[in-house]
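The values are calculated or read from the model by the stated rules, or taken from the named source; none is laboratory data. Being a predicted model, the structure only gives us computed values, none of them experimental. Cβ placement follows ideal geometry from the backbone for every residue including glycine, while neighbour counts extend to all protein chains displayed. Protein only, heavy atoms only, side chains kept; ligands, DNA and RNA dropped before computing areas. Shrake-Rupley method; radii C 1.70, N 1.55, O 1.52, S 1.80 Å.
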Amino acid sequence: MLTKKMENALNGQVRVEAESSQVYLSMASWAEVKGLEGISLFMYRHSDEERMHMLKLIKYINERGGHAQITALQAPKKAFTSFQKMFQQLYDHEIEVSKCINELVHVSLEEKDYATHNFLQWYVAEQIEEEALARTILDKINLIGNDKGGLYLFDRDVQRITVDSSASQNEA
Ligand code: OFO
């Protein structure tokens, strides 16, 4: 059984994951209308992954005698000044999500809820992967600069990064 404090904290994370999914969905849509096909596929996939993170939490809360709350969400940004800035925002967003996960782990220890502590380790590992992925992408973007050929290759490459990251997730 979850304590009220633990349940509320986990519900907070349900919302964070749901908002993350919406943020990346908005990025996907923007990239799609800009003709950045690979980037948009990457973002659609990323949005799906965040929804999966949310569902995993919902199931867990309900299984442990809590009640997962589905709430209104903050609307994401609709437009981006450049795809470079958009990826910087993705990275910054993931850093914030990592802080939220760390805070949740902290609450699980305070509440002496070792089952939840154990459950959260999946998210801790996932955040390491996601931050590393976002950093790799930013490094590639910095290498390209304003080179059009580089952008073409990046748009193609970023789809492969998506496949690789989902493959490693399937192994987990
Ligand atoms: Fe990208 O964050 Fe979920 O956990």
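General observations
- The residue of segment 107-135 that is farthest from the ligand (Cβ to nearest atom), among those that are in contact with a helix residue (DSSP H, G or I) (Cβ under 7 Å, 6 or more places away or on another chain) and of a type in the set (A, V, I, L, M), is 109.
- When 90, 73, 10 are checked against the criterion of being closer than 25 Å to residue 139 by Cβ, within 16 Å of the ligand (Cβ to nearest atom) and at pLDDT 95 or above, 90 stands alone in meeting it.
- Selection count where residues are within 16 Å of residue 42 (Cβ to Cβ) and modelled with pLDDT under 90, scope segment 127-155: 0
- The residue of segment 1-56 that is farthest from residue 160 (Cα to Cα), among those that are in contact (Cβ under 8 Å) with a residue 24 or more places away in the chain and among the acidic types (Asp, Glu), is 7.
- Scanning segment 30-42 for residues that are open to solvent by 40 Å² or more (accessible area, probe 1.4 Å) and within 16 Å of the ligand (Cβ to nearest atom) turns up nothing.
- Matching residues in segment 18-46 - criterion: being β-branched (Val, Ile, Thr) and touching a helix residue (DSSP H, G or I) at 6+ places or on another chain (Cβ under 7 Å): 23, 39
- Of all residues making up segment 57-87, the number that are without any contact (Cβ under 8 Å) to a residue 40 or more places away in the chain and either part of a helix (DSSP H, G or I) or open to solvent by less than 90 Å² (accessible area, probe 1.4 Å) (or both): 6
- Of all residues in segment 43-56, those being within 11 Å of the ligand (Cβ to nearest atom) and open to solvent by less than 30 Å² (accessible area, probe 1.4 Å) number 6.
Yes or no, residue by residue, for (1) surrounded by 15 or more Cβ atoms within 10 Å (Cβ to Cβ); (2) without any contact (Cβ under 8 Å) to a residue 40 or more places away in the chain:
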{"site": "115", "(1), (2)": "no, no"}
{"site": "122", "(1), (2)": "no, no"}
{"site": "133", "(1), (2)": "yes, yes"}
{"site": "139", "(1), (2)": "no, yes"}
